[in-house]
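Undergrad: Take this structure first; my questions come after.
No value in this document is a laboratory result; all are computed from the given coordinates. Fair warning: this is a prediction, and the values are worked out from it, not measured in the lab. Backbone-built Cβ (ideal geometry, glycine too); neighbour counts: all protein chains shown.
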Amino acid sequence: MSRTPLMAGNWKMNLDHLEANHLVQGLAMELRDHNHDYSRCEVLVIPPFTDIRTVQTIVDADELGIKYGAQDVSIHDNGAYTGEISTSMLTKLGCTYVVMGHSERREYHNESDELVGAKARKVLDAGMTPILCCGEALEVRKAGTHVEFVLSQIRAALAGWSAQDVAQIVIAYEPIWAIGTGETATAEDAQEVCGAIRSALAQDFGAETAEVTRVLYGGSAKPDNIKELMAQPDIDGALIGGASLKADSFAEMARFYA
Ligand code: 13P
């Protein structure tokens, strides 16, 4: 398969820079001790902004294979935007990925599909990889319109994009009812939506683009269920919250292939 699996740890608003230091060192050690093959699974940590410099220092000093990125970014280059962080600030720190459209930002910060799409555009133009999140709430799932809902989020964010650009992004399907609840979507539920995302990409941007674009699952992914999730044909990795905050569980997930 042409898609390299990706295990991405979204720390959310957890861990100060000292704790970040501890976790990244521990993660690197776990992966090294088990001879982790980074070509079989990319490992990415996504800490809060205040931890990024610390993570960069460890990764550079120890020449780690671990990658790191940010949880959000501004659509502006610089200027009077109090509290915002620009793409150039992130590239300067060696970030290679940025998350946008997480359901927590959509809900608590009113982020629209259009804004999410603009952030993805900005990140790609800065030479980083956008991780575009989508996912339905429980009511939508109960109504049975989850596939339609998720595809409309993605189509709105990527409206007007070229196939070449879409091929460079990562899409993360995170059903809201499965986030932090311990309630994982079954591997079949996750595959249904991830498969539908790939089919929609094929329809809108061509089969070649759909074939190379990575689609992740997120929502109570953990060592216990990662193998089953990764065995699905259209799941190329996971966006992991809680289980990424412990070096041993996250490293175990990155070694799902072993
Ligand atoms: P949990 O793995 O804690 O359910 O979080 C998932 C998530 O929202 C990752 O972005």
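Undergrad: Just to be sure I understand, how many residues within region 86-132 are of a type in the set (Ser, Thr, Tyr), crowded, with 18+ Cβ neighbours inside 10 Å and under 22 Å from Ile240 (Cβ atoms)?
TA: 3
Undergrad: When you look at Leu158, is it surrounded by 22 or more Cβ atoms within 10 Å (Cβ to Cβ) and either closer than 24 Å to Glu104 by Cα or in contact with a Gly (Cβ under 6 Å, 6 or more places away or on another chain) (or both), yes or no?
TA: Judged against the criteria, Leu158 is a match.
Undergrad: State which residue pairs qualify: first residue on the phi < 0 side of the Ramachandran plot and inside region 32-44, second residue among the aliphatic types (A, V, I, L, M) and part of a loop (DSSP other than H, G, I, E, B) in any location, beta carbons under 8 Å apart, and separation of 6 or more residues or different chains.
TA: His34/Ala258; Val43/Ile66; Leu44/Ile66
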